[in-house]
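Peer 1: Sharing a structure with you now.
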C-alpha cells in the first residue's frame, strides 16, 4: 500500500515499521512517539502511540492520524483525516466524529493508497516586498525604456517565464497552456495603430507589424507573432476562470489554493496547475481535478475541506462526494467551496 503525508508547520510526521503518524505538536512529541515505538516490544503499535498521545488526559490529546499497515487500522482525531483509495478508484475519507475522542476503523481489502492530512488551512506566509528598480537621473533620453530582444535576455531566466512551465497571469499561477485575455479598448497597444497609420498602404504581409521584428531589429509592437509551425493540440473543451483566462483541457487540470502535481488521482502525465486566490483559505491546496477520459470530461473532488458543487445544465446544483468521478457536459459550473466558479465550454 502506498502512503503519503500532507502536513505543514505545527505538525510532526513519523514512520516506523509500517506505522505512519501525523500529529499536531512540536519535535519533542515526535521523539516521544519514536521512543515509545522502539520500546513497544510485542504491544500493538497503534495502542502504544495512543497511550503517549493521551498521557495528559483526553482533553489535552492533540489531533492525530495513525495508519497501521500490519493491523490494517486507521485512527483519526480532531481536524486530521485519512483519504483511502481502492484498486477500483473509489475513495473513502476517515474523519473523527464531533463527540468522540477519536475514530478507529479497519482498512478495507483492496485499499492501495492512504493519504494522511492535517485538515487545517495551510498557514499563510507573507511574501517579501519587491525592491523598486532604481530610476536613472541623467537625461530624459536615458529614462526611456530600451527595447530588449530575446537574444539579449540574460541566462538563467526563471522557469515561471518559460512556455512549458506554470506562469502567473493576472496574479494567478496557471498552467503553461492558459490563453491570456485579448486586449480590448484602452488595453490595446496604441503603438500598433500608430505604426499602421504611418505605413504605406502597399505594404505586404511580410512587412506588417504583427508579423514580428525584422532581422536584427527590436520588436515593433508588444504582440508576439503566432506562426503556423506550432502543433494543434487536441482538446475536449476549456475551463473559463473567473479572471477571464481560459485553460484548455488537453490533459489534466488541478485547481486549488496551491495545487501540486502529485495530488491528482485520475490524471496521467503533467497537469496544468491553476492557483485560485483564497484569502481566507476556504479553498484547499489541491481542491479539484478535471481531466479528459475518452470523449468525456471528468471532475473529481480531491477530499477538499469545504467541498465542490456541480451545476449541470438544466439541473439543480449538488455537492460532490470526495473522490467521486463525475462526467460533465458543456455549460457545467464547478464551484469550489461555494466561492469560486469555473465554467466548462466547448467550441
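Peer 1: With respect to the numbered conditions (1) surrounded by fewer than 17 Cβ atoms within 10 Å (Cβ to Cβ); (2) in contact with a helix residue (DSSP H, G or I) (Cβ under 8 Å, 6 or more places away or on another chain), which one is the sole condition not fulfilled by residue 68?
Peer 2: (1)
Peer 1: Could you tell me how many of the residues in the stretch 327-338 are closer than 15 Å to residue 236 by Cα and buried (at least 18 other Cβ atoms within 10 Å of the Cβ)?
Peer 2: 2
Peer 1: Suppose we filter 9, 47 for residues that are within 16 Å of residue 104 (Cβ to Cβ) and out of contact with any helix residue (DSSP H, G or I) (no Cβ under 7 Å at 6 or more places or on another chain); which single one remains?
Peer 2: 47
Peer 1: Also, quick follow-up: For the condition in contact (Cβ under 8 Å) with a residue 24 or more places away in the chain and in contact with a helix residue (DSSP H, G or I) (Cβ under 6 Å, 6 or more places away or on another chain), what is the one hit in 295, 286?
Peer 2: After applying the criteria, what remains is 286.
Peer 1: Would you tally the residues in the stretch 229-274 being at pLDDT 75 or above and within 10 Å of the chain's Cα centre (by Cα)?
Peer 2: The number of residues fulfilling the criteria is 14.
Peer 1: What's the number of the condition residue 279 fails, among (1) closer than 28 Å to residue 297 by Cα; (2) modelled with pLDDT of 75 or more; (3) surrounded by fewer than 16 Cβ atoms within 10 Å (Cβ to Cβ)?
Peer 2: It fails just one condition, (1).
Peer 1: Take residue 15 and tell me if it is over 14 Å from residue 78 (Cβ atoms) and not assigned by TED's automatic domain parsing to the domain that holds residue 260.
Peer 2: For residue 15, the condition - over 14 Å from residue 78 (Cβ atoms) and not assigned by TED's automatic domain parsing to the domain that holds residue 260 - is met.
The values are calculated or read from the model by the stated rules, or taken from the named source; none is laboratory data. Being a predicted model, the structure only gives us computed values, none of them experimental. Cβ: placed from backbone, ideal geometry, glycine included. Neighbour counts: every protein chain shown.
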